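Input: a single structure, listed below in C-alpha cells.
We did not get these values from a lab; they are worked out from the coordinates using the rules stated. Only a predicted model underlies this, so the values are computations on that prediction, with no experimental measurement involved. Positions of Cβ are generated from backbone atoms using ideal geometry, with glycine treated the same way; all protein chains shown enter the neighbour counts.
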Amino acid sequence: MTSVLGSPGCKHWRRARSAHVGRPQPVYAVVEASDARRPELRRQLLEMWVDVTNSGGAVGFTAPADVSAVASTLDAALDRVAAGTDLLGILRQNGSAVGMAFLVDGGSALRRHWRTILRLMVRPEIQGRGAGRLLIEGLHRTAAGLGLEQLMLTTRDGTGVEAFYERFGYIIVGRHPRAIRLAPGDDRDELILIFRL
Ligand SMILES: CC(C)(COP(=O)(O)OP(=O)(O)OC[C@H]1O[C@@H](n2cnc3c(N)ncnc32)[C@H](O)[C@@H]1OP(=O)(O)O)[C@@H](O)C(=O)NCCC(=O)NCCS
C-alpha cells in the first residue's frame with residue numbers, strides 16, 4: 001500500500017508537525033480513484049471507522065458498531081470515489097490510513113461550487129495530537145485545487161465537535177431539529193456548518 005498511497009499516487013501531501021516523538025508523522029494524501037477499491041485500504045478504513053465509532057465518535061453509527069452496516073456504507077462511499085464522483089482524503093502513518101474524510105459531490109449542476117465533507121475522523125489513539133488539523137487543512141487545499149468556493153458539513157448536536165470546526169473558520173448556519181434518531185426516544189439535532197474557501 002505504501003507505493004499505492006505514497007507520493008507517486010498522491011495529488012497532495014504534507015508532513016505533520018507532530019509533538020509525538022518517536023512516531024513517523026502522518027501524511028495527508030488524496031486517494032486516486034484507481035486505488036479506491038484496494039482491499040488493504042478498505043480494511044484499514046473499515047477498522048478505523050469501527051474503532052472511532054466504538055470510542056464514541058459521531059460518524060454515522062452508534063456503539064457498538066454494526067461492522068457489516070459500516071462496511072456497506074464504506075463500500076458505497078468507495079464506489080463513488082472509484083467512479084471519480086467523490087474524493088477521499090486520508091492521513092497515512094506507518095503505511096496505514098489513520099485518518100479519513102470524503103469530499104462528496106451533490107450531483108446537481110447548480111451546486112458544483114461546493115461539496116460536503118463526510119465521515120471526517122482520525123484513529124482514536126492519535127486524536128488530540130494535531131492529526132485532525134492536518135486532515136482538515138489538507139481537505140481545504142484539495143477543495144481549493146478543485147476550485148470550490150464552500151464546504152458544508154453536519155455534526156451531531158451534543159458532541160461539542162462543532163468547536164473543532166469553528167477553530168478552522170466554519171460557521172454554524174443552521175440546525176435541523178431531531179434529525180438524528182440514535183434510538184427510539186433519543187433524537188438529536190443536527191448542526192449545519194459552512195466553510196468559505
Ligand atoms: C474531530 C476529530 C477529527 C479531531 O481530530 P484531532 O486529531 O483530535 O484534532 P487536533 O488534535 O488536530 O485538534 C486541532 C484543534 O482542534 C481542537 N479540537 C479538537 N477536537 C476538538 C473538539 N472536539 N472540540 C473542540 N476543539 C477540538 C484542538 O484542541 C486543537 O486546537 P488548537 O489547534 O488550538 O490546539 C477527532 O476527534 C475525531 O476523529 N473524532 C471522532 C470522529 C468524529 O466525531 N468526527 C466528527 C464528525 S462531524
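Mind checking the full-extension length gain between Ala109 and Ala163? Use 0.36 nm per residue of separation minus the Cα-Cα distance, one decimal, nm.
Gain on stretching Ala109 to Ala163: 16.3 nm.
Determine, from the Cβ-Cβ distance of Ala63 and Arg181 and an R0 of 25 Å, the FRET efficiency 1/(1 + (r/R0)^6), rounded to the nearest 0.05.
0.95
Can you sort Phe195, Phe164 from fewest to most other Cβ atoms within 10 Å of each residue's own Cβ?
By the 10 Å Cβ count, ascending: Phe164, Phe195.
Using all C-alpha to C-alpha distances in segment 149-197, build P(r) with 10 Å bins and read off the rounded percent in each one.
P(r) for segment 149-197, in whole percents per bin: 28, 49, 19, 4.
Using unit Cβ charges (K, R positive; D, E negative) and no other charged atoms, how large, in debye to the nearest 20, is the dipole of the chain about its Cα centre?
I would put it at about 620 debye.
How many Å³ per residue does the convex hull of the Cα positions in segment 105-169 occupy?
Taking the convex hull of the Cα positions in segment 105-169, it is 100 Å³ per residue.
Pull out the extension gain between Asp75 and Leu146, defined as 0.36 nm times the separation in residues minus the alpha carbon to alpha carbon distance; nm, one decimal.
23.2 nm is the gain from fully extending Asp75 to Leu146.
Could you give each residue of segment 141-155 its phi-based ³J(HN,Hα) in whole Hz, using Karplus coefficients 6.51, -1.76, 1.60 with θ = phi - 60°, and x for Gly or Pro?
5, 4, 4, 5, x, 7, x, 6, 10, 8, 10, 10, 8, 10, 10
For the chain, what is one quarter of the convex hull surface built on the Cα atoms, given in nm²?
If you wrap the Cα atoms of the chain in a convex hull and average its projections, you get 11.1 nm².
List every residue whose amide H lies under 5 Å from the amide H of Arg38, counting only residues 5 or more places away in sequence or on a different chain, with H placed 1.01 Å from N in the peptide plane.
none
For segment 81-197, what is the convex hull (Cα atoms) projected area averaged across all directions, in square nanometres?
Mean projected area of the Cα convex hull: 8.6 nm².
Between Ile172 and Asn54, what is the spin-label point distance in nm, taking each point 7 Å from the Cα along the Cα→C-beta axis?
For the pair Ile172/Asn54, the computed spacing is 3.2 nm.
As a footprinting exposure proxy, order Asp35, Asp75 by other Cβ within 10 Å, with the fewest listed first.
Ascending Cβ contact count within 10 Å gives the list Asp75, Asp35.
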